[in-house]
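A.B. asks: Structure incoming, see below.
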Amino acid sequence: MWDCDGRRYLDATSGPVVVNVGHGNRRVLEAMSEQASRATYAYPAYLESESNVRFGQRLLDLAGPGFDRALVFSGGSEAVEKCLEFCRSVALARGELGRTKVISRRPSYHGSTLATMALGGNQQNEAFAQMARPGPTVFAPSSYRPRFGLDAVAFAEHCAEELEQTIIDEGAAMVLAFIIEPIMGFSGGADFAPDAYYRRIREICDRHGVLLVYDEVISGAGRSGRFLAAHHWPDSCPDLVVLAKGLGSGYYPLSAVLAPKSLVDLVVDHGGFHLGHTYKASPLGCAVGLAVLDEIVERDLMTCAERSGDHLRKRLRQLQATQPLIGDVRGRGLLNAIEIVADAETRAMLPRRRDVPREISDLASDEGLLIYARRTYGGVYGDWILVTPPLIADSGEIDVLVDRLARTLKRYQEELERAG
């Protein structure tokens, strides 16, 4: 990308992890133009568009068994809200009128509307707590900062046990759903749990009649090396999946909720589900989405993400061996992060008085690198940098990215040393 002064930048994070097929993709631009020349808008309550039908079918083919219906919206926050409304509709159709509580994890991030901010642990939510209705939360597993003196595996087991106890404490008949990011995005920097955790929470949700929702706004659409991050744990399939970001790849706001036919039919038979958004199943958006999915399939970008992700983590670990600011390298596919620390041996964080994400981002920009750095919950859960280039990134571009990141961190380390 270039700024108005002609300076060139490498987009190391695909914007906010959205531009999966890269900038300026000819197939997507041509599909957008062709659809716009035919019809930019058709309200699905009156008319169903060809692009909607084809996009929906291609999406479900990639999602695989267990997902037979797609509800198409625009943004990720919107889709998460509609997913939870759908969960409530399922409970009503089953006659389970008391199920209203949604359990989420801390930390987590599920959107920026009042309803989605009420989920999980995020410092920015506190300002709006009186306007929303926060639900119960449980700890999210952490591979790098497990709690209570436990290792990562034992802490994940503790997190699953906490989920079951919370369901019991809240009243199982009152709990509607449990929502997680299977691979964490803006809340945990590409962290994910041991395999056993996903099986365990599936069993717990089944035992108590709680719907399991995967928020794959960031991890979905091929980003993790599979079309769904859920595909990494095929024996722990969620009930519902939310997709956005990479689904439209930044060319058009696009999101979807994937659901099984059994749940959709149950709700329809009970009277239906109010979708109620102007740009739901937009012909233009669906045409973009179909072109994005065609790119992912025909260019085998999921395999590219897996291969390039392996190379990226190898290069980042080589950098970690020489750069004391890097405490951890983690991720799957091209959803990766490095944790920034004051001391790699003790995992001590840098002082909270420093705005670490902004300071590193500014230096990276000077090096021609656009990055997404974040401090979760005021630093309680650490400082980290997402490293999530587009799925089209090749090994040469990965090498350029890591070299610029190395220069950035070297400069930041020198600044810290000068500051004492």
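The values are calculated or read from the model by the stated rules, or taken from the named source; none is laboratory data. Because the structure is a prediction, the values reported are computed rather than measured. Using ideal geometry, Cβ is built from the backbone for each residue, glycine included, and neighbour counts are taken over all protein chains shown. Heads up: the accessible areas ignore ligands, DNA and RNA and are worked out on the full protein's heavy atoms, side chains in. Shrake-Rupley method; radii C 1.70, N 1.55, O 1.52, S 1.80 Å.
A.B. asks: What are the pairs with Cβ atoms under 9 angstrom where one residue, in segment 273-299, is on the phi > 0 side of the Ramachandran plot and the other, located anywhere, is open to solvent by 20 Å² or more (accessible area, probe 1.4 Å) and part of a helix (DSSP H, G or I)? Sequence gap at least six, or different chains.
C.D. replies: Pairs that qualify, where the first residue is on the phi > 0 side of the Ramachandran plot and the partner is open to solvent by 20 Å² or more (accessible area, probe 1.4 Å) and part of a helix (DSSP H, G or I), are Ala281/Asn52.
A.B. asks: Find the residue count for segment 81-104, including only residues that are touching a helix residue (DSSP H, G or I) at 6+ places or on another chain (Cβ under 8 Å) and among the basic types (Lys, Arg). Please lay out each step first, then the result.
C.D. replies: Just the residues of segment 81-104 that are touching a helix residue (DSSP H, G or I) at 6+ places or on another chain (Cβ under 8 Å), to begin with: 81, 84, 86, 89-90, 93-94, 96-103.
Cutting the leftovers down to among the basic types (Lys, Arg) gives us 94, 99, 101.
Residues meeting the conditions: 3.
A.B. asks: Something else now. Which of the residues that make up segment 130-165 are touching a residue at least 12 places away in the same chain (Cβ under 8 Å), part of a helix (DSSP H, G or I) and open to solvent by 20 Å² or more (accessible area, probe 1.4 Å)?
C.D. replies: Taking segment 130-165 first, the residues touching a residue at least 12 places away in the same chain (Cβ under 8 Å) are 131-145, 152-153, 155-160, 162-164.
Still in the running and part of a helix (DSSP H, G or I): 131, 152-153, 155-160, 162-164.
Met131, Ala152, Val153, Glu157, His158, Glu162, Glu164, listed by residue number.
A.B. asks: Next question, about the same structure. Among the residues in segment 245-253, are any hydrophobic (A, V, I, L, M, F, W, C), within 11 Å of the chain's Cα centre (by Cα) and more than 18 Å from Ala93 (Cα to Cα)? Even if it seems obvious, please write down each step before you answer.
C.D. replies: Of all residues in segment 245-253, those hydrophobic (A, V, I, L, M, F, W, C) come to 247.
The next check asks that each one be within 11 Å of the chain's Cα centre (by Cα); those that pass are none.
No, because not a single residue in segment 245-253 is hydrophobic (A, V, I, L, M, F, W, C), within 11 Å of the chain's Cα centre (by Cα) and more than 18 Å from Ala93 (Cα to Cα).
A.B. asks: Continuing with the same structure: When the residues of segment 185-210 are filtered to those that are among the hydrophobic types (A, V, I, L, M, F, W, C) and open to solvent by less than 10 Å² (accessible area, probe 1.4 Å), which remaining residue is farthest from Leu97 (Cα to Cα)?
C.D. replies: Only one residue tops the list, namely Ala190.
A.B. asks: State all residues of segment 364-391 that are hydrophobic (A, V, I, L, M, F, W, C) and open to solvent by 10 Å² or more (accessible area, probe 1.4 Å); if no residue qualifies, say none.
C.D. replies: Start the filter on segment 364-391 by keeping residues that are hydrophobic (A, V, I, L, M, F, W, C), which leaves 364, 369-371, 373, 380, 384-387, 391.
Across segment 364-391, the qualifying residues are Leu370, Ile371, Ala373, Val380.
A.B. asks: For segment 296-306, name all the residues that are open to solvent by 10 Å² or more (accessible area, probe 1.4 Å) and either more than 13 Å from Ser224 (Cβ to Cβ) or aliphatic (A, V, I, L, M) (or both).
C.D. replies: Going residue by residue through segment 296-306, those that are open to solvent by 10 Å² or more (accessible area, probe 1.4 Å) are 297-300, 302-304, 306.
Result: Val297, Glu298, Arg299, Asp300, Met302.
A.B. asks: Moving on to the next point. Out of all the residues in segment 10-17, is one or more over 24 Å from Leu334 (Cα atoms), open to solvent by 20 Å² or more (accessible area, probe 1.4 Å) and either modelled with pLDDT of 95 or more or under 22 Å from the mean Cα position of the chain (by Cα) (or both)?
C.D. replies: Here is the first cut: in segment 10-17, the ones over 24 Å from Leu334 (Cα atoms) are none.
For segment 10-17, residues over 24 Å from Leu334 (Cα atoms), open to solvent by 20 Å² or more (accessible area, probe 1.4 Å) and either modelled with pLDDT of 95 or more or under 22 Å from the mean Cα position of the chain (by Cα) (or both): absent.
A.B. asks: List every residue pair whose Cβ atoms sit under 8 Å apart, with the two residues 6 or more apart in sequence or on different chains, where the first one lies in segment 189-206 and is acidic (Asp, Glu) and the second, anywhere, is part of a loop (DSSP other than H, G, I, E, B).
C.D. replies: Every condition considered, the pairs that remain are Asp191/Ala140; Asp191/Pro141; Asp191/Ser142; Asp191/Ser143; Asp191/Tyr144; Asp191/Ile183; Asp191/Met184; Asp195/Trp233.
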